[in-house]
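A.B. asks: Dropping the structure in here first, questions after.
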Amino acid sequence: MRILLANKFYYRRGGDCVCMLNTEQLLREKGHDVAVFAMDYPENLDTPWRKYFPQNMGTLMAFTRPFGSREVKDKFGRLLDDFRPDVVHLHNIHTQLSPAIAELAHGKGAKVVWTLHDYKLLCPRYDCLRGGKEICERCFGGDKTPCRANRCMKGSALASWIGYKEAMAWNRGRLEACTDTFVCPSRFMAGKMMQGGFRKDKLQVLCNFMDTERCRRADYGKKDDYYCYVGRLSHEKGVATLIAAAARLPHRLKVVGGGPLLEPLKAESERLEANIEFVGHKPWEEIKEIVGRARFAVIPSEWYENNPLSVIEAECLGTPVLGAHIGGIPELIEESVNGMAFESRNVEDLAEKIKAMYSATFDYGGIADKAQGRFGADAYYRGLMEIYSKWNRRGHASM
């Protein structure tokens, strides 16, 4: 099968990029012909398809790119003509590339599959947070004026106006018309898409996968007495709530990662004399050791997490997870088997559940075995092939 993958960046920048790159590698290993399309960004990996990439987006392009620029359409059109894909699989394309490429692929007769990594098709600022903190679903219907009125995009009237115009231009009817299947990595995401009016028959739930081989350990036992957090230090991740809960307890917490709240959280931890160690950014091999040896990992999110890789990685390393009951996190946790859940934003409940996790007994090797089977490449590939091979809109099989 000939498959064209599209994502705005072509390097390991975030979860969407990692998912696309992993999918590319998997499809090639399975014998498929694969092409890629992205912005011509300085950090991109080397690829022979780079000659088709549109230039990196400059400031003035923010007024044209979200609606489908001539350069993007011309270069993507040439790639479609030269490669002639059976399937065009989109990932994170809004703004820099835009759904114009979905319309072009649809017009050429390719099956269009779109994996949703965030809530951009429902919320112009993608994360369903008003002011960066408060959960908001006011734009889930057809009217996106709340985004403009509340200056949801970076607190800027201009950016919010562009976000509003982009959302109105790429409305639900137009997106459904050019997309055969929207892949939702969580049931929660699929439910929110239906809440926003998207057709159920266009939605398919398929959890993201990872290279489980890199999670294998000779010993899944927990030799060190600490728990950990790995991720960005920002408001929506709920790390401030975690610091407040951890400060009430004697147990040692290791915090891995950086972000805008790093220094304020360090200062708060020192003020509270909490048993917390901030270790900063770490490469995968060090993260593997920190998470793999931890008693458990905490995911204290306060936004609609979709299918967080941090949960999947921890479980594949044999480490149970204490996760906030929000978004797609609860779908990944089997209570008292591979972790526990607590009420998001609730410091008291989180502190009590940390104590409960320390008192609980877990089968760490069993957690790793089950997670590596559930989130491995083979399971994902089977699900993806079912999606690719569904009957297309003309009544012919796609493969």
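The values are calculated or read from the model by the stated rules, or taken from the named source; none is laboratory data. None of these values were measured; they are calculated from a predicted model. Every residue, glycine as well, gets a Cβ built from its backbone with ideal geometry; the counts of neighbours run over all protein chains shown.
A.B. asks: If you check M385 against the conditions, is it part of a strand (DSSP E or B), over 18 Å from the mean Cα position of the chain (by Cα) and within 26 Å of H117 (Cα to Cα)?
C.D. replies: So M385 does not fit the description; no.
A.B. asks: I'd like to verify a number: residues in the stretch 289-307 that are under 26 Å from S359 (Cβ atoms), in contact (Cβ under 8 Å) with a residue 60 or more places away in the chain and not aliphatic (A, V, I, L, M), how many?
C.D. replies: Of the residues in that region, 7 qualify.
A.B. asks: Which of the residues that make up the stretch 234-260 are of a type in the set (K, R) and over 21 Å from I287 (Cβ atoms)?
C.D. replies: Residue satisfying the conditions is R248 alone.
A.B. asks: Which residue out of R125, R130, R78 is closer than 25 Å to G58 by Cα, out of contact with any Leu (no Cβ under 9 Å at 6 or more places or on another chain) and modelled with pLDDT under 95?
C.D. replies: R125 is the lone residue from the list that is closer than 25 Å to G58 by Cα, out of contact with any Leu (no Cβ under 9 Å at 6 or more places or on another chain) and modelled with pLDDT under 95.
A.B. asks: Could you list, in sequence order, the residues of the stretch 183-207 that are assigned to a helix (DSSP H, G or I) and either small (G, A, S) or on the phi > 0 side of the Ramachandran plot (or both)?
C.D. replies: If the condition is that a residue be assigned to a helix (DSSP H, G or I) and either small (G, A, S) or on the phi > 0 side of the Ramachandran plot (or both), then A190, G191 are the ones that fit.
A.B. asks: Among the listed residues L175, L249, L242, L253, identify the single one that is assigned to a loop (DSSP other than H, G, I, E, B) and either among the small types (G, A, S) or at pLDDT 95 or above (or both).
C.D. replies: It is L249.
A.B. asks: Step by step: first the residues of the stretch 217-252, then only those that are touching an Asp or Glu at 6+ places or on another chain (Cβ under 7 Å) and more than 18 Å from I329 (Cβ to Cβ), then the one that is surrounded by the fewest Cβ atoms within 10 Å (Cβ to Cβ). Which residue is that?
C.D. replies: R252
A.B. asks: Just one of E335, E315, E331 is within 16 Å of the chain's Cα centre (by Cα) and of a type outside the set (S, T, N, Q); which is it?
C.D. replies: Result of the check over E335, E315, E331: E331.
A.B. asks: How many of the residues in the stretch 110-169 are polar (S, T, N, Q), touching a Pro at 6+ places or on another chain (Cβ under 9 Å) and without any contact (Cβ under 8 Å) to a residue 40 or more places away in the chain?
C.D. replies: Total satisfying the criteria: 1.
A.B. asks: Answer yes or no as to whether K288 is more than 27 Å from E348 (Cβ to Cβ), in a loop (DSSP other than H, G, I, E, B), under 21 Å from the mean Cα position of the chain (by Cα) and in the same structural domain as V230 (by TED's automatic domain parsing).
C.D. replies: The answer is no for K288.
A.B. asks: Looking at (1) loosely packed, with under 15 Cβ neighbours inside 10 Å; (2) within 18 Å of T212 (Cα to Cα), can you tell me which one G58 breaks?
C.D. replies: (2) is the only condition that G58 fails.
A.B. asks: Also: Quick one: count up the residues across the stretch 39-69 that are free of Cβ contacts under 8 Å to residues at least 60 places away in the same chain and out of contact with any strand residue (DSSP E or B) (no Cβ under 7 Å at 6 or more places or on another chain).
C.D. replies: 18
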